[in-house]
1. Scan region 45-67 for residues that are open to solvent by less than 10 Å² (accessible area, probe 1.4 Å) and in contact with a strand residue (DSSP E or B) (Cβ under 8 Å, 6 or more places away or on another chain) and jot them down.
2. Within region 14-27, can one find any residue that is assigned to a strand (DSSP E or B), of a type in the set (Lys, Arg) and in contact (Cβ under 8 Å) with a residue 24 or more places away in the chain?
3. I'd like the full set of residues that are open to solvent by 20 Å² or more (accessible area, probe 1.4 Å) and closer than 19 Å to residue 44 by Cβ, limited to region 178-193.
4. Consider region 57-81. How many of its residues are on the phi > 0 side of the Ramachandran plot and in contact with a Phe, Trp or Tyr (Cβ under 9 Å, 6 or more places away or on another chain)?
5. Failed condition for residue 140, given (1) within 30 Å of residue 184 (Cβ to Cβ); (2) in contact with a Gly (Cβ under 9 Å, 6 or more places away or on another chain); (3) open to solvent by 40 Å² or more (accessible area, probe 1.4 Å); (4) not small (Gly, Ala, Ser), with all others met?
6. Give the number of residues within region 105-128 that are within 19 Å of the chain's Cα centre (by Cα) and part of a helix (DSSP H, G or I).
7. Taking region 143-156, which residues are out of contact with any strand residue (DSSP E or B) (no Cβ under 7 Å at 6 or more places or on another chain) and either of a type outside the set (Asp, Glu) or crowded, with 20+ Cβ neighbours inside 10 Å (or both)?
8. Within region 58-67, identify whether any single residue is under 15 Å from the mean Cα position of the chain (by Cα) and of a type outside the set (A, V, I, L, M, F, W, C), and answer yes or no.
Amino acid sequence: MRNPTTPVTDGLYDYILAHTVRPHPVLAALRDETLKLPNAHWATTPDQVAFLQFLVRLLGARRIVEVGTFTGYATLGMALAQPEDGMIVTCDVASGWSEMGTHYWREAKLDRRIERRTGRADEILAELRDADGASSQDLIFLDGNKASYPVYIDLAADLLRPGGVLVADDIFWEGKVADPGQTGEQLAGIREFNERLASDARFDIAMIPVADGMTLARKK
């Protein structure tokens, strides 16, 4: 089948940013700080954050779980879009990078609405399910270790309310996901995640070519 997708040139990408991103000064400052890091490519892109903010507002998402904090840029972006009584639990296996974000969360006066947890995400998700009950979350954003993505499907099905959305980042893995000759633990996790969701009757799914690809799964 012919690919009908318009290639995103540098010029077109700049156009997208100029016409969709409405930068909050504190969020922009955290982005600038993140870009100074040698592993800045781990960060969620501004157009992705704008898309996540749109989803948060569309869902009226009061309860969000984020897997993979890094510097907390996407965390802050989603918190800015939440209702005033919103809460985000963001988790990562390492706490060092997310320390950067806490300063900006405080500056934006949103630190009390962001709970940072360190540890295995599957264990933290199970703890949330046990503490808050099933169907307690509105949105789950996956941007951590890709090899673990398949583990989160059943947990998300338990945690999300009907109509809640699971969002997974980097599901194209630089296009390698569609190349059988490419292998690796992270890539295998992404492929299994996408294949399992494609036949999972609990979710409506969509895959969109934003940044390195995002899979959206809406719990029925």
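1. Of the residues in region 45-67, the ones open to solvent by less than 10 Å² (accessible area, probe 1.4 Å) are 48-49, 52, 56, 61, 64-67.
Of everything in region 45-67, those that are open to solvent by less than 10 Å² (accessible area, probe 1.4 Å) and in contact with a strand residue (DSSP E or B) (Cβ under 8 Å, 6 or more places away or on another chain) turn out to be 48, 52, 56, 61, 64, 65, 66, 67.
2. No, region 14-27 contains no residue that is assigned to a strand (DSSP E or B), of a type in the set (Lys, Arg) and in contact (Cβ under 8 Å) with a residue 24 or more places away in the chain.
3. Within region 178-193, just 186 meets the criteria.
4. First pass over region 57-81, keeping only residues on the phi > 0 side of the Ramachandran plot: 60, 68, 70, 72.
Restricting the remaining residues to those that are in contact with a Phe, Trp or Tyr (Cβ under 9 Å, 6 or more places away or on another chain) gives 68, 70, 72.
Residues flagged as on the phi > 0 side of the Ramachandran plot and in contact with a Phe, Trp or Tyr (Cβ under 9 Å, 6 or more places away or on another chain) within region 57-81 amount to 3.
5. Of the numbered conditions (1) within 30 Å of residue 184 (Cβ to Cβ); (2) in contact with a Gly (Cβ under 9 Å, 6 or more places away or on another chain); (3) open to solvent by 40 Å² or more (accessible area, probe 1.4 Å); (4) not small (Gly, Ala, Ser), the odd one out for residue 140 is (3).
6. Kept after step one, since they are within 19 Å of the chain's Cα centre (by Cα), are these residues of region 105-128: 105, 110-111, 113-126, 128.
Going one step further and asking which of them are part of a helix (DSSP H, G or I), we end up with 105, 111, 113, 121-126, 128.
Result for region 105-128: 10.
7. 145, 146, 147, 148, 150, 151, 153, 155
8. Among the residues of region 58-67, at least one is under 15 Å from the mean Cα position of the chain (by Cα) and of a type outside the set (A, V, I, L, M, F, W, C), which makes the answer yes.
The values are calculated or read from the model by the stated rules, or taken from the named source; none is laboratory data. Not measured: the values here are computed from a predicted model. For neighbour counting, all protein chains shown are included, and Cβ atoms are generated from backbone atoms with ideal geometry for every residue, glycine included. Heads up: the accessible areas ignore ligands, DNA and RNA and are worked out on the full protein's heavy atoms, side chains in. Shrake-Rupley method; radii C 1.70, N 1.55, O 1.52, S 1.80 Å.
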